[in-house]
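> Please find one structure pasted underneath; my questions will follow.
The values are calculated or read from the model by the stated rules, or taken from the named source; none is laboratory data. As the structure is a computational prediction, the values presented were derived from the model and not from experiment. Here the Cβ positions follow ideal geometry from the backbone for every residue, glycine too, while neighbour counts run over all protein chains shown. The area values use the complete protein model at the heavy-atom level, side chains included, leaving out ligands, DNA and RNA. Shrake-Rupley method; radii C 1.70, N 1.55, O 1.52, S 1.80 Å.
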Amino acid sequence: MRHLSWALAGLLLSPLAAAQPASPATQADTFNQLFGTTCMTHLNSVDGLTAWMAARNLAPLDDTVAQSFLHGTPGRAWAITLDGDQYAVSRTDAGLCAVYARRMDGEQLQSRFAALVSKAPAPMTARPTPSPASSTATRRSVSYLWSWPDETTSGLLFTLTTSSDPDAPLQAMMSLARTRLDDDAAAKAAPPSAR
C-alpha cells in the first residue's frame, strides 16, 4: 500500500477558525479544509483521526447518533461546529471517510471540490468517474478517481453529493474511500444515503 502523506498538505486551505460569520464561499472553503485535514490526511489511520478529534476536545458521537452517518456499518462519527455551521465527520472501520454539512451552498462547494480533487499529486492521475450517488432535480453528485499508473484496478474515489432542497437534513456530503475498479466498485464505495 502506498503512503499518502505526500503533497496532500499542500492541498489544504487556511486554518479552520475564523472571526466573522462565514460567507457561502468561506463556508465551502472551510468544508474543503475540514475534509482535507480529516479524511485526506488520515485516510490510512483511524487512530490519527481519533487523535486529531481528541486534540480538539471532540468526543465520538454516541453509537445511536453516529449510525446516522455510518449507515449501519461499524465506525466512529464526530460532530463539529465551525463558524456557527454544523458539520459531522465519520469513518467506517472499512475505511470510508465522509464529511457532512447541515447547510451548504452547493454551487460554491461543487467548484471548490473540483479544484481540490481534479488534480492528483504525481505520479497519480485524477479523472472524473461515474458517481455512486444518483443525481436528481435537487441532488447533484460528482466523483473523481485518483489512481497510480501501475495500478489500473484500484484507486481513491472522491465523491461529493449536494442538495439544493432547503428542507434536506444535510445539504452536503464529501467522501473518500479506496476502491477497486470493478462493476460494483462505485456502489460499494459510497454510503447508502448517497445512492
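> I want to confirm something. Restricting to the stretch 19-47 and keeping residues that are surrounded by fewer than 16 Cβ atoms within 10 Å (Cβ to Cβ) and more than 16 Å from the chain's Cα centre (by Cα), which single residue is modelled with the lowest pLDDT? Please lay out each step first, then the result.
We begin by selecting, within the stretch 19-47, every residue surrounded by fewer than 16 Cβ atoms within 10 Å (Cβ to Cβ); these are 19-21, 23-25, 44-45, 47.
With the extra rule that they be more than 16 Å from the chain's Cα centre (by Cα), the set shrinks to 19-21, 23-25, 47.
Details: Ala19: 42, Gln20: 51, Pro21: 55, Ser23: 84, Pro24: 82, Ala25: 85, Asp47: 89.
In this case the residue turns out to be Ala19.
> Would you pick out the residues in the stretch 65-76 that are exposed (fewer than 12 other Cβ atoms within 10 Å of the Cβ) and modelled with pLDDT under 90? Full working, then the answer.
Taking the stretch 65-76 first, the residues exposed (fewer than 12 other Cβ atoms within 10 Å of the Cβ) are 72, 74.
Across the stretch 65-76, the qualifying residue is only Gly72.
> Let me ask something additional. Taking Ala168 as the residue in question, decide whether it is open to solvent by less than 20 Å² (accessible area, probe 1.4 Å), under 21 Å from Ser23 (Cα atoms) and modelled with pLDDT under 90.
Values: open to solvent by less than 20 Å² (accessible area, probe 1.4 Å): yes; under 21 Å from Ser23 (Cα atoms): yes; modelled with pLDDT under 90: yes.
Spelling it out, Ala168 is indeed open to solvent by less than 20 Å² (accessible area, probe 1.4 Å), under 21 Å from Ser23 (Cα atoms) and modelled with pLDDT under 90.
> In the stretch 79-94, which residues are of a type outside the set (A, V, I, L, M, F, W, C) and either surrounded by 15 or more Cβ atoms within 10 Å (Cβ to Cβ) or in contact with a Gly (Cβ under 7 Å, 6 or more places away or on another chain) (or both)?
So in the stretch 79-94, the residues of a type outside the set (A, V, I, L, M, F, W, C) come out as 81, 83-87, 90-93.
Within the stretch 79-94, Asp83, Asp85, Tyr87, Ser90, Arg91, Thr92, Asp93 qualify.
> Taking the stretch 48-57 as the region of interest, how many residues are open to solvent by less than 10 Å² (accessible area, probe 1.4 Å) and part of a loop (DSSP other than H, G, I, E, B)? Walk me through it before giving the result.
To start, the set of residues in the stretch 48-57 that are open to solvent by less than 10 Å² (accessible area, probe 1.4 Å) comprises 49, 53.
Next, from what is left, pick out any that are part of a loop (DSSP other than H, G, I, E, B): none.
Residues flagged as open to solvent by less than 10 Å² (accessible area, probe 1.4 Å) and part of a loop (DSSP other than H, G, I, E, B) within the stretch 48-57 amount to 0.
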